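Here is the structure we will look at.
The values are calculated or read from the model by the stated rules, or taken from the named source; none is laboratory data. Bear in mind that the values here come from a model prediction, so they are computed numbers and not experimental data. Cβ placement follows ideal geometry from the backbone for every residue including glycine, while neighbour counts extend to all protein chains displayed. When the accessible area is computed, the model is the full protein with side chains, heavy atoms only, and any ligands, DNA or RNA have been set aside. Shrake-Rupley method; radii C 1.70, N 1.55, O 1.52, S 1.80 Å.
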Amino acid sequence: MLRIACPHCGDRDYVEFLYGGDAENAMPELSDTDIDRWTEFVFFRNDPKGEHAEYWQHQHGCRQWLRVVRHTVTHQVISVQPASEVDTPAQGKRVEVA
Amino acid sequence: MTHYSAFSLFKEALRGNKGWSRAWQDAEPKPAYDVVIIGGGGHGLATAYYLAKEHGITNVAVIEKGYIGGGNTGRNTTIVRSNYMIDGNTNFYEHSMKLWEDLSRDLNFNVMFSQRGQINLAHSPAQMDSHARRGNIMRMNGIEAHLMSREEVMKRVPILDYSENARFPIHGGLLQERAGTARHDAVAWGYARGASARGIDIIQGCEVTGYLWDHGRIVGVETTRGPIRAKKVAMAVAGHTSHMAKMAGLRLPIETHVLQAFVTEAIKPVIDCVVSFGAVHFYISQSDKGGLVLGGDLDGHNSYGQRGDMPIVEENMAAAKALVPLVSRLQLVRHWAGVMDMSMDGSPFICKAPIEGLYINGGWCYGGFKATPASGWCYAHTIAKDEPHALNARFRLDRFHRGQQIDEKGMGPTPWAH
């Protein structure tokens, strides 16, 4: 069983988590209108055979998003960090609604 | 190469089976070829076969890092069907079905193609409507389909749970009578034999480690058995397409995921067609040896490891038990996993790469086996003519830039949900 050491809840089976995919796929600025950059962001992936940085949400625990580095062949978890501490959720600026 | 026939079988039976020649020749790599195909699975070998048969191109090598048919060709549930409804998929998979129907004769090799029928079950009136729509679209495209009532399903597949307690009551199903199963090893070997007989080199134990470049163009491959030059390099390595593309500096709309499948101990015939559960992603059939062959969802996270985790085993067994209660008395005897190219719309790629000299065939998600003949046929056309055939014209890499995704399941770019 793949186990993820949640920094808030401890070592847990991965079935408690929701997979969120590639964590190194940077979102363009929301004001960016370049179709190629958005296509790259939405549809294209690095998909490495080796270490992969990815998001997991501890859905049945603290409900926090985590940034996990895991090896895609051995499935060994290399590091787990709270995503809020290491990543900005989206690079786009918050749009103020009048 | 011996021609296989009732007569040759009879003759060899009398001679103690001493006159059979090798089915195909294990070749040594030559320094250069017109076409090098990376990957000796069903798709790569079929491509080689059709390059020779349809286009007269025989200066071709198929290079395989392990042994032929040892990758995903040997790691699937051997289901063949063509019940697709999105433009781009429909005609392609139907072409594949037509090639399957003539494959054993064409290859002079028994691929054990058995058109035993495939049923997609419906578990609600809404799902019956959706199946009626799919069936109508198939029939408009000249593909037979039959919407079955609950009673018809009960008669055809008596072992399903039709009781009051069934978690998902069966309302009916959509049947494709021409769908069925085939023997995966025989497909690889049949194509290998056909290609080898036409002079194509099949090279095993030869892993590609990089490409040979000349002014931004790919002109061959570096392998563990030395460099091999080629005018055209064509990858057919589904499961490792991202990995092979990365060596060429390409980033693809693919994530690699792991899919498990299972075989139970052999029992007497209980199910004579392929049945897909309509409530949970799960399918079941019975092999000619008697084992029930079953499979379902992906493990759900990026993986190149050819093994799965226990929660999906439990999920599959729960689905099996809910649909076919008698499986609770059976033991699993084999269990395996293969790595899948999960494309961002669930559909494949058969196209030229954005690099001169390189061709891509991949993104098969978990539907590659049924596509083997048409994939090879269309890929051979694309390589030989340097342009796609009408049947694979939509399976291009730039369809995402153009907003022309072929999303049969309507899942969007969440590849672990396709």
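In Å, what Kirkwood hydrodynamic radius results for the range B:13-163 from the alpha-carbon pair distances?
One over the average 1/r among Cα pairs gives 19.3 Å for the range B:13-163.
Taking DSSP loops as anything outside H, G, I, E and B, show the longest stretch in chain A free of trypsin sites (Lys or Arg not before Pro) there with at most 12 other beta carbons within 10 Å.
That gives A:1-62 as the longest site-free run.
What size of dipole, in debye to the nearest 20, comes out for chain B about its Cα centre when the only charges are +1 on Lys and Arg C-beta atoms and -1 on Asp and Glu C-beta atoms?
In total the dipole reaches around 740 debye.
Counting protein heavy atoms only and a 1.4 angstrom probe, how many square angstrom of accessible surface do chains A and B bury in total, to the nearest 100? Could the numbers behind the result be given before it?
Details: alone 6920 and 18110 Å², together 22460 Å².
Approximately 2600 Å², summed over both chains.
Tell me the Kirkwood radius of the protein assembly as shown: reciprocal of the mean inverse pair distance over distinct alpha-carbon atoms, in Å.
This gives a value of 24.3 Å.
Quick check on chain B: of the DSSP beta bridges with both residues there, what percent are antiparallel, nearest 5%?
70
For chain B, report the accessible area per residue in Å² (1.4 Å probe, heavy atoms, rounded to an integer).
On a per-residue basis, chain B sits at 40 Å².
Taking the Cα centre of the range B:44-118 as origin, work out the dipole magnitude from +1 charges on Lys and Arg Cβ and -1 charges on Asp and Glu Cβ, in debye rounded to 20.
On the way: 7 positive and 7 negative charges, 53 e Å.
Approximately 260 debye in magnitude.
Over the range B:96-249, consider all pairs of different Cα atoms and compute the Kirkwood hydrodynamic radius from their mean reciprocal separation; express it in Å, one decimal.
Final number for the Kirkwood radius of the range B:96-249 is 19.9 Å.
Would you work out what percent of the accessible area of chain B, with all protein chains in place, is carbon or sulfur (probe 1.4 Å)? Before the final figure, lay out the partial values.
Working: 8750 of 16810 Å².
Summing carbon and sulfur atoms, their accessible area is 52 percent of the total for chain B.
Taking DSSP loops as anything outside H, G, I, E and B, show the longest stretch in chain A free of GluC sites (Glu not before Pro) there with at most 16 other beta carbons within 10 Å. Kindly include the intermediate steps, with their values, before the conclusion.
On the way: sites that count: A:E24, A:E29, A:E96.
Between the exposed loop sites, the longest stretch runs A:30-95.
Which whole number gives the average count of other chain Cβ atoms within 10 Å of the Cβ atoms across peptide B:302-315?
Mean shielding by partner chains, rounded to a whole number: 4.
Mind putting together the pair-distance distribution for the range B:342-414? All Cα pairs, 5 Å bins, whole percent per bin, short to long.
Final binned percentages: 3, 17, 27, 26, 18, 7, 1.
Within the accessible area of chain A, what % is carbon and sulfur when the probe is 1.4 Å and the other protein chains stay in place? Walk me through the intermediate numbers first.
Values: 2810 of 5650 Å².
Of all accessible area on chain A, carbon and sulfur atoms account for 50 percent.
Principal axis extents for the range B:301-388, Cα atoms only, whole Å, descending order, please.
54, 25, 23
Starting from the alpha-carbon convex hull of the range A:1-93, give the projected area averaged over all orientations, in nm². Intermediate results must be reported in sequence, preceding the final value.
Numbers: hull surface 25.5 nm².
If you wrap the Cα atoms of the range A:1-93 in a convex hull and average its projections, you get 6.4 nm².
Just subtract the alpha-carbon distance of B:L212 and B:N110 from 0.36 nm times their residue separation and send over the number in nm, one decimal. Walk me through the numbers on the way to the answer.
Details: separation 102, 0.36 × 102 = 36.72 nm, distance 3.84 nm.
Answer, rounded to one decimal: 32.9 nm.
Could you tell me the distance between the Cα centroids of the range B:296-363 and the range A:61-86, to the nearest Å?
23
What pairs from B:K30/B:K232; B:K321/B:K409; B:K53/B:K98; B:K289/B:K409 go past 23 Å between their alpha carbons?
B:K321/B:K409; B:K289/B:K409
Starting from the Cα of B:V313, step 7 Å toward the Cβ, then list every residue of the range B:331-355 with an amide N under 15 Å from that point.
B:331-338
Let me make sure I get this right: for the range B:35-83, a, b and c are the square roots of the gyration tensor eigenvalues over alpha carbons, sorted descending. Under 1.5 in a/c it's rounded, otherwise prolate if a/b > b/c, else oblate. Which is it?
oblate
By average Cβ neighbour count within 10 Å, what is the ranking of B:245-255, B:127-137 from highest down?
B:245-255, B:127-137
By DSSP, what percent of the beta bridges with both residues in the protein assembly as shown are antiparallel, rounded to the nearest 5?
Antiparallel: roughly 75 percent of the beta bridges in the protein assembly as shown.
Return the calculated 222 nm mean residue ellipticity for chain B, to the nearest 500 deg cm²/dmol, obtained by summing -39500 (n - 2.57) across DSSP H runs with n ≥ 4 and dividing by the residue count.
-8500 deg cm²/dmol
At a threshold of 8 angstrom on Cα-Cα distance, excluding pairs fewer than six apart, so keeping six or more, what relative contact order does the range A:3-85 reach in percent?
For the range A:3-85, the relative contact order is 30 percent.
Roughly how many whole Å is it from the C-alpha centroid of the range B:221-290 to that of the range B:4-31?
Between the Cα centre of the range B:221-290 and that of the range B:4-31, the gap is 29 Å.
Using a probe radius of 1.4 Å on heavy atoms only, what accessible surface per residue do you get for chain A? Whole Å² is fine.
Counting only protein heavy atoms, the per-residue value for chain A is 58 Å².
What is the mean number of Cβ atoms from other protein chains located within 10 Å of the Cβ atom of each residue in peptide B:252-259, rounded to a whole number? Present the calculation step by step, with values, prior to reporting the outcome.
Details: counts 5, 7, 4, 7, 6, 3, 2, 0.
Taking the mean over all residues of the peptide, I get 4.
Could you give the size of the charge dipole of the protein assembly as shown about its Cα centre, using +1 on the Cβ of each K and R and -1 on the Cβ of each D and E, expressed in debye and rounded to the nearest 20?
Using Cβ point charges on Lys, Arg, Asp and Glu, the protein assembly as shown gives about 1520 debye.
Please tell me the relative contact order of the range B:142-271 in percent, rounded to the nearest whole number, where contacts are Cα pairs under 8 Å and at least six residues apart.
Relative contact order of the range B:142-271: 15 percent.
Could you tell me the relative contact order of chain B? Use alpha-carbon pairs under 8 Å, at least six residues apart, and round to a whole percent.
Relative CO of chain B lands at 22 percent.
Bin by bin, in steps of 10 Å, what percent of the Cα pairs in chain B do you find, going until the bin that has the longest distance?
Binned Cα distances yield the sequence 5, 22, 32, 25, 13, 4, 0.
How long is the gain from B:Q404 to B:D87 if the chain were fully straight, where each residue apart is worth 0.36 nm and the alpha carbon distance is subtracted?
Fully extending the segment from B:Q404 to B:D87 adds 113.1 nm.
At q = 0.11, 0.14 Å⁻¹, what is the log10 ratio I(q)/I(0) for the range B:143-228, with the Debye formula run over Cα points and no solvent?
Scattering profile of the range B:143-228, log10 relative to I(0): -0.65, -0.73.
List the residues of the range A:15-48 for which accessible area in the full set of protein chains is at least 30 Å² lower than for the chain on its own; 1.4 Å probe, protein heavy atoms only.
A:Y19, A:T39, A:E40, A:F43, A:F44, A:R45, A:N46, A:D47
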